[in-house]
Amino acid sequence: MKIWFIKSALVVVLMCFSAIICAQSKYTVNGYITDGNTGETLIGATAYVQELDDGNISNEYGFYALSLPEGSYTIIFSYVGFDDQIEKVELNADIQLDIELSLAPTEIEEVVVVSEADDRNVKNVEMSVNKLNMATISKIPSLLGEVEILRSIQLLPGVSTVGEGASGFNVRGGSIDQNLVLLDEAPVYNSSHLFGFFSVFNPDAVKDVKLYKGGIPSRYGGRLSSILDVRMREGNNKKMSFNGGIGTIFSRLAVEGPLVKDKASFIVAGRRSYIDVLAAPFLEGDNKLNFYDLTIKTNYKFDSKNQLFLSGYLGRDNFVFGESAGFNWGNSTFTLRWNHLFNERLFANVSAYFSDYDYQLQFGEDAINRFDWDAGIKNYSLKPSFTYFISPNNMLRFGGQAIIYQFAPGNAVGVSVGETSDISLDDKYGIEGALYFENEIDISPNLSLNYGIRYSLFNYTGEGLAYEYGQAPAGERRPVTSEASFDQWEKISSASNLEPRLSVKLQLNESSSIKASYNRMAQYIHLISNTTASTPVDLWTPSTNNIDPQIADQIALGYFRNFKDNTFVLSLETYYKKMQNLVDYIDGADLLLNEFLEGDLLVGEGRAYGVELMVKKEKGKFTGWLSYTLASTERRVNGINGNQWYPSRFDQTHNLSLTAFYDLNKRWSFSSNFSFITGTPATFPTSRFEQLGYVIPYNASETRNNVRIPDYHRFDISATLQGKKNAMRKWQSYWVFSVYNIYSRRNAFSIFFRQSEEIPSALQSRSTEAVQLSVVGSFIPAVSYNFKF
């Protein structure tokens, strides 16, 4: 480990030194680009140098830098929805120039899919990346009229879910644990409330949502399939403001304002559902049926070179039925972040975070007859990252990360007639480290590259027992052959990977380009689940001496084109992903509270490939997009399906969504969404036995996922009515009226089989039937009232 660390560090230092030498003859203009009304930093704002026909964009912290030869320049700062700001600069020394952009006055607010330059999708080297701003997300029709981030990204190409009520999402053939969901840089291990119907992200506290599906830069790692980077707002540093909403199922309120004007601000946003309040008259006892979350962030600007941020999240779902049974789960995160400008070109962000996910289950009649169980995962991390702005067309990033994991697979205590039985499992521990280097450069006006490499290392450590397992026939449980005890932080096993990344853009003309990318990703933690969809009680476990880290290699090729002055935007991408060391299970595997779980695991490979099309209209009263994915996702595991390839549980051949927005006038706007998805695969019996009147289903060919459930489709609509605006009134409000699943489609979540309870007469068999489970079986109207002052 030390040798690899030293070599990697030397490479980074040498590259940085050479970059600094090459840039000595230039001066730099830099600063932060912010919203002049609130002081919020603007991510992806453009700083364009007119004389050079070149420029840069602000990073994820709102910072920009332009290193230019001495001279006079006209710099145009722009961001969608804001007026351009033009600055004349006489550059004969380094200059710090902070920019505050003003909102553009518009007759009717236009909906845009991205908050960036109109042609950025064509001219940027990024591919397989989608960015949604909150203005767009807030207008998409959703369940019960609530603004929903995770359901919104499922309308993008390459993103899907196995059905309504399923937690998480799937990206390009990956399982849900292969998505790294970040909230202000801290990972969120369960991103859903109410079993997947709502996300944990409060829209009042979110500034930016960006999804990486491929071409993932080397500064990101730890998951195979995607990075969902959610950035929180800093809070208004100009004036106090309040906003919130009252909906059908929950209400929300956010408060923000300056602590010290233009230097420090805060935002506090909370939500709580009131299912239990509405259901109280119909239920007996002390019942809790709710979810809540609280999001907090504050920051302080010490001077022009130092700013400190502190953010946190606390959320929980509670399902408690009196004193006899209860179930709850939740996330908590804490992020401390320091932005520092070492000099005019070197920008640093140092983040430290804590993330905790846990669930608790209890049932029993009284104190002498009960069962209590809790489990979870915690991690602590330090992540320094640096950006060096060599020139407007050359930017260097480098840094590292260290993560400490604590896995709690199960603390379980049962009490029977006063006698206690503790069947808890030992905690597991791991340490993950990474170093990365990344360079984004324009080789010529038509050719751009983003290349880099990431070195990652994982140590599985004590305290606890580690087992060795022997061989067994394919698909059968492996026996324990030996065990060993390890002290706290003593290394049990280790694994490391080099993860190269490359993205290339070839500009064909002003309105079109071709892009290609390759990335290798390594994942050292695994979600153990064999259910149709992820559940809150699924188990996280580290890579061990018996479980290898998952590896994915993905290549992608795309064509990007804009039409009619960037009014229409087209992207067409194809990809191929190969995955190694995927975890599966023997038939009859015991996944919960099993000390010898690793003996029940199987290892396989996967492949996913497809074509993604997206066509957007971004200007005018009528806007929206069409998204279509044609894809295949397969697995092959020794001991399953005759060792042949089979479709994965989340394989969906066709995925089509059409999202439209129409602004009728200043007050009324309308939106709609239609989705069609091929039914997911399922395993059905192919024959049956009958014994003593009972029917025993049997899969004679032992095939996996041999049928598909019916196709999924749904149509939603919504209408938004803005309150009357008055220059003398600070109160602003609007109503949202929506209908989810307007034609009452009963989409299948799963299909199961059952047989009659009636005992048949002689020479007769019990009657059997297939039953379709639909989570939503009717249209759902909703109304919500939203306000701001």
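The values are calculated or read from the model by the stated rules, or taken from the named source; none is laboratory data. Remember, predicted model here, so these are calculated numbers, not experimental data. In this analysis, Cβ positions are derived from the backbone assuming ideal geometry, glycine residues included, and neighbour counts consider all displayed protein chains. Protein only, heavy atoms only, side chains kept; ligands, DNA and RNA dropped before computing areas. Shrake-Rupley method; radii C 1.70, N 1.55, O 1.52, S 1.80 Å.
When region 427-453 is filtered for residues that are small (G, A, S) and within 17 Å of E499 (Cα to Cα), the ones remaining, listed by number, are G433, A434, G452.
Scanning region 632-678 for residues that are under 25 Å from L132 (Cβ atoms) and touching a Pro at 6+ places or on another chain (Cβ under 7 Å) gives T633, S671, S672, N673.
Taking the numbered list (1) more than 30 Å from Y405 (Cα to Cα); (2) touching a residue at least 40 places away in the same chain (Cβ under 8 Å); (3) of a type in the set (A, V, I, L, M); (4) open to solvent by 30 Å² or more (accessible area, probe 1.4 Å) in turn, I555 passes all entries but (2).
Do we have any residue at all in region 476-496 that's within 32 Å of the chain's Cα centre (by Cα), open to solvent by 30 Å² or more (accessible area, probe 1.4 Å) and under 23 Å from G604 (Cα atoms)? Yes, because at least one residue in region 476-496 is within 32 Å of the chain's Cα centre (by Cα), open to solvent by 30 Å² or more (accessible area, probe 1.4 Å) and under 23 Å from G604 (Cα atoms). Being assigned to a loop (DSSP other than H, G, I, E, B), farther than 22 Å from I441 by Cα and assigned by TED's automatic domain parsing to the domain that holds P479 holds for only one residue in V569, V537, and it is V537. The residues listed here are N306, N331, N343; of these, the one that is in contact with a Gly (Cβ under 7 Å, 6 or more places away or on another chain) and assigned by TED's automatic domain parsing to the domain that holds N379 is N331.
Yes/no per residue for (1) surrounded by fewer than 22 Cβ atoms within 10 Å (Cβ to Cβ); (2) polar (S, T, N, Q); (3) part of a loop (DSSP other than H, G, I, E, B); (4) modelled with pLDDT under 85:
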{"residue": "M127", "(1), (2), (3), (4)": "no, no, yes, no"}
{"residue": "T136", "(1), (2), (3), (4)": "no, yes, no, no"}
{"residue": "L144", "(1), (2), (3), (4)": "yes, no, no, yes"}
{"residue": "V147", "(1), (2), (3), (4)": "no, no, yes, no"}
{"residue": "S152", "(1), (2), (3), (4)": "no, yes, no, no"}
{"residue": "P157", "(1), (2), (3), (4)": "no, no, yes, no"}
{"residue": "S167", "(1), (2), (3), (4)": "no, yes, yes, yes"}
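Listed by position, the strands (runs of 3 or more DSSP E) enclosed by region 626-692 that each have at least 2 residues that are in contact with a Leu (Cβ under 7 Å, 6 or more places away or on another chain) and modelled with pLDDT of 95 or more are 654-663, 668-677. Screening the candidates V89, V49 for the property of being under 30 Å from A264 (Cα atoms) and at pLDDT 90 or above yields one hit, V89. Restricting I514, I528 to those that are surrounded by 16 or more Cβ atoms within 10 Å (Cβ to Cβ) and either under 30 Å from W625 (Cβ atoms) or touching a strand residue (DSSP E or B) at 6+ places or on another chain (Cβ under 8 Å) (or both) reduces the list to I528. Taken over region 562-574, the criterion of being open to solvent by less than 20 Å² (accessible area, probe 1.4 Å) and in contact with a Leu (Cβ under 8 Å, 6 or more places away or on another chain) is satisfied by N562, E573.
Taken as a whole, the condition of being over 18 Å from N394 (Cα atoms), within 31 Å of the chain's Cα centre (by Cα), of a type outside the set (S, T, Y) and in a loop (DSSP other than H, G, I, E, B) does not apply to G44. For region 274-289, the criterion of being in contact with a Ser or Thr (Cβ under 6 Å, 6 or more places away or on another chain) and not assigned by TED's automatic domain parsing to the domain that holds R219 is met by none of the residues.
Quick grid of which residues meet (1) at pLDDT below 95; (2) touching a strand residue (DSSP E or B) at 6+ places or on another chain (Cβ under 8 Å); (3) within 29 Å of G624 (Cβ to Cβ); (4) among the polar types (S, T, N, Q):
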site: R561; (1), (2), (3), (4): no, yes, yes, no
site: V583; (1), (2), (3), (4): yes, yes, no, no
site: L592; (1), (2), (3), (4): yes, yes, no, no
site: E595; (1), (2), (3), (4): yes, no, no, no
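When we screen E51, E40 for residues that are open to solvent by less than 20 Å² (accessible area, probe 1.4 Å) and over 17 Å from F389 (Cβ atoms), the only hit is E40. Scanning region 418-460 for residues that are outside any strand (DSSP E or B) and aliphatic (A, V, I, L, M), we see that the one that is nearest to V125 (Cα to Cα) is I443. The residue that is surrounded by the most Cβ atoms within 10 Å (Cβ to Cβ), among those in region 413-440 that are at pLDDT 95 or above and among the hydrophobic types (A, V, I, L, M, F, W, C), is A434. Return a yes/no flag: does region 308-318 have any residue that is over 22 Å from S192 (Cβ atoms), of a type in the set (A, V, I, L, M, F, W, C) and surrounded by 18 or more Cβ atoms within 10 Å (Cβ to Cβ). Yes, some residue in region 308-318 is over 22 Å from S192 (Cβ atoms), of a type in the set (A, V, I, L, M, F, W, C) and surrounded by 18 or more Cβ atoms within 10 Å (Cβ to Cβ). For region 441-465, filtered to residues that are open to solvent by less than 30 Å² (accessible area, probe 1.4 Å) and of a type in the set (F, W, Y), the residue that is farthest from D53 (Cα to Cα) is Y460.
Select, from V583, V615, the only residue that is in contact with a His (Cβ under 7 Å, 6 or more places away or on another chain) and either at negative phi or open to solvent by less than 20 Å² (accessible area, probe 1.4 Å) (or both).
V583
Checking each residue in region 345-374 for being surrounded by 20 or more Cβ atoms within 10 Å (Cβ to Cβ) and not in a strand (DSSP E or B) picks out only R345. In this structure, I377 does not qualify as open to solvent by 30 Å² or more (accessible area, probe 1.4 Å) and modelled with pLDDT of 95 or more.
Scanning region 231-287 for residues that are under 30 Å from E60 (Cβ atoms) and of a type in the set (S, T, Y), we see that the one that is surrounded by the fewest Cβ atoms within 10 Å (Cβ to Cβ) is S241. Just one of the numbered conditions (1) open to solvent by 50 Å² or more (accessible area, probe 1.4 Å); (2) more than 18 Å from G173 (Cβ to Cβ); (3) of a type in the set (A, V, I, L, M, F, W, C) is not true of V603: (2). Taken as a whole, the condition of being surrounded by fewer than 21 Cβ atoms within 10 Å (Cβ to Cβ) and not acidic (D, E) does not apply to W329.
A single member of F670, F689, F684, F674 is open to solvent by 30 Å² or more (accessible area, probe 1.4 Å) and under 24 Å from the mean Cα position of the chain (by Cα), and it is F674.
In region 703-717, what count of residues is obtained for those that are assigned to a loop (DSSP other than H, G, I, E, B) and either open to solvent by 50 Å² or more (accessible area, probe 1.4 Å) or in contact with a Lys or Arg (Cβ under 6 Å, 6 or more places away or on another chain) (or both)? Result for region 703-717: 4.
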